[in-house]
Amino acid sequence: MKQVSLASDALVVKTPGLPLIADLAATLHFAPEQGHIWLAGRRMMLVHVRTIGIARREIVNAVGYERARAVFTRQGYEAGAMDAEVAGKVRPNDPLFDAFSVGPQLHALEGAVLVEPIAFEVDIEKGHFYAEWHWRHSSECGEHVEVFGIGQSSAGWTQIGYASGYASVYLGRPILYREVECIAMGHPHCRIVGKPAEEWEDAEEDLRYMRSEQLHATTATKPPASARTAASAKADRWKVVGASSGFNVAFDMLRDVADTDAPVLFQGESGVGKEMFARNLHAMGSRAAQAFIAVNCAAITESLIEAELFGVERGAYTGATASRPGRFERAEGGTLFLDEIAMLSLPAQAKLLRALQEGEIERVGDTRTRSIDVRLVAATNVDLREAAAAGTFRTDLFYRLNVFPLRIPPLRDRRADIPLLLEHFLDIYRAKYRKDITGFDEKAVSALLSYDWPGNVRELENMIARGVILGRDGQPLRLHHLFTGGERLGDQRFALGKDGRVHAASEKDSAVNSISALLDSGRGLADVEREMLTEALTRSGGNRSAAARMLGLSRAQFNYRLDSR
Ligand SMILES: [Zn+2]
């Protein structure tokens, strides 16, 4: 295979204030035999700049100015997020500014715009970020002027999305860039300013072009962290958060179906947040004022499932000393969410199907039927179609549930969401554990971005919860606060060694490291014990026996320790 490469020594041209671009240029390869162009490991495509203006006019005419701008901004966000993933690998040992400059310089190499630094202030320890750049010869703004002329608003839509996506993913927190001067507004050149989203007073205006409601909810309109209570953090627990294209596709589908009564079947790996999506579906629909009842089918034994779902009449069986309604009745008028529905036994599937077909249920031991008005939403991490083919799931029930299948992509396929999720969960657990954690340090961000996340969003949430417990007030979370459970980073397990460097480690090493992190945290044994007891109780959903098992204690020992505090 013959490849034509740009000779790296041909690119000694230096932009004032930026490192040489030769290392990036060396990653640019043309492979015309395959019809490929590669840059920093990503397939690229050359585009006629003139067609950008034509496309923009067409799209503005078709869907309107606001939606067109959103489309271009999100496209840029995704591209910037992708370039940020490679940035850490290109200049791993360079000073922060040079390493960060990979994005602006790739943007120039890609032919979008020449980016010149004006100001760059980053203090990762304190969570401070402020950056200001000149944009010269902006392809997008130039084309915008060609098509629309000079107007009232800035025109670097894709480019500002790129800058925001790049900085957000690079730093692991939502950074919003804004074009404060633009040739499309009659300025001599374009100038952009980037700050954490919450530091812009009116960030809503720009954020709605990225992920309207979601970013609103988690960044722009939230009160400062210090003013947040554990209760508001708990309410935030169910917000879905994201900005990646994979997230947006799923969320747009969710919004489309929310206001109907159609059954929805969420599919996706374990931990992707199917229940969060289901709760949002309920909250956005016309049943929002009624109950949302969740049932985990895997957690209820075969003998009890019928009573759980449909209720029991007094005396139906030994021990049924009082009549009680089932989940269907409790969800009346609202939404019933059946998680892990593939775990239902075939007899339970038959009863569920009958209830859905006839719109009525019968309590166990009851002679009369009750009509039900419930929206059914289900979730599964197995392929129900395959299960139906294999005979472990009823085909007729599958078709009844599969009216609107909605797949939620695994976290590794939507890495652009990681910065938003980090910020989101850090906020929640900072408030919950009353810890003044400033953010994440560089090594932690780079590890969080490159990690494969087999346990998806739930794993990320647990890691941050644990990190906040281990972290110290007034400091960012570091690698050894987060990767303490023997996670596999890349092909190997890594842990922080005594020399401060990350090296391959055994599970024993990582256990030892989490103990040293605890010692580093400077808290007494009693504090750590109380946090462990509380966290175990939270994770077990308030079940003291399960929490005790988690800690290797008897229930009595657990109660004694918890209650004596
Ligand atoms: Zn501009």
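The values are calculated or read from the model by the stated rules, or taken from the named source; none is laboratory data. Since this is a predicted model, take the numbers as computed values, not measurements. FYI the Cβ positions are ideal-geometry reconstructions off the backbone, even for glycines, and counts take in every protein chain you see. Each accessible area value is taken on the protein alone, full model and side chains, heavy atoms only, with ligands, DNA and RNA left out. Shrake-Rupley method; radii C 1.70, N 1.55, O 1.52, S 1.80 Å.
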| task | Sort through 81, 119, 131, 99 and tell me the only one that's more than 26 Å from residue 474 (Cα to Cα) and not polar (S, T, N, Q). | result | 81
| request: Please work out if residue 409 is part of a strand (DSSP E or B) and either surrounded by fewer than 21 Cβ atoms within 10 Å (Cβ to Cβ) or aromatic (Phe, Trp, Tyr) (or both). | output: no
| Given the residues 83, 94, which is the only one that is among the acidic types (Asp, Glu) and part of a loop (DSSP other than H, G, I, E, B)? | 94
| Is there any pair with a first residue in the range 24-36 that is surrounded by fewer than 13 Cβ atoms within 10 Å (Cβ to Cβ) and a second that is not in a strand (DSSP E or B) whose Cβ atoms are under 7 Å apart and which are 6 or more apart or on different chains, and what are they? | 33/1; 33/2
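Among 131, 119, 112, which is surrounded by 15 or more Cβ atoms within 10 Å (Cβ to Cβ) and away from the ligand (no atom under 12 Å from the Cβ)?
So the residue among 131, 119, 112 that is surrounded by 15 or more Cβ atoms within 10 Å (Cβ to Cβ) and away from the ligand (no atom under 12 Å from the Cβ) is 131.
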| Inside the range 162-183, can you point out the residues that are within 13 Å of the ligand (Cβ to nearest atom) and crowded, with 24+ Cβ neighbours inside 10 Å? | 162, 163, 177, 179, 182
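Can you tell which of 430, 385 is basic (Lys, Arg), modelled with pLDDT of 90 or more and either open to solvent by less than 10 Å² (accessible area, probe 1.4 Å) or more than 28 Å from residue 462 (Cα to Cα) (or both)?
So the residue among 430, 385 that is basic (Lys, Arg), modelled with pLDDT of 90 or more and either open to solvent by less than 10 Å² (accessible area, probe 1.4 Å) or more than 28 Å from residue 462 (Cα to Cα) (or both) is 385.
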| message | Please determine whether any residue of the range 138-154 is buried (at least 21 other Cβ atoms within 10 Å of the Cβ) and closer than 26 Å to residue 89 by Cα. | response | no
| Taking the stated definitions as given, is residue 126 within 25 Å of the chain's Cα centre (by Cα), more than 27 Å from residue 247 (Cα to Cα) and open to solvent by 30 Å² or more (accessible area, probe 1.4 Å)? | yes
| Filter result (touching a helix residue (DSSP H, G or I) at 6+ places or on another chain (Cβ under 7 Å) and either in a helix (DSSP H, G or I) or free of Cβ contacts under 8 Å to residues at least 12 places away in the same chain (or both)) within the range 540-552 | 540, 544, 545, 547, 548, 550
| said: Filter the range 196-216 down to the residues that are open to solvent by 30 Å² or more (accessible area, probe 1.4 Å) and modelled with pLDDT under 75 and list them by number. | reply: 205, 208, 213, 216
| query | Within the range 273-303, which residues are part of a loop (DSSP other than H, G, I, E, B) and either open to solvent by less than 50 Å² (accessible area, probe 1.4 Å) or more than 16 Å from residue 263 (Cα to Cα) (or both)? | reply | 273, 285, 287, 288, 289, 290, 291, 300, 301
| query | Taking into account only those residues within the range 311-343 that are under 12 Å from residue 376 (Cα atoms) and assigned to a strand (DSSP E or B), which is most open to solvent (accessible area, probe 1.4 Å)? | reply | 339
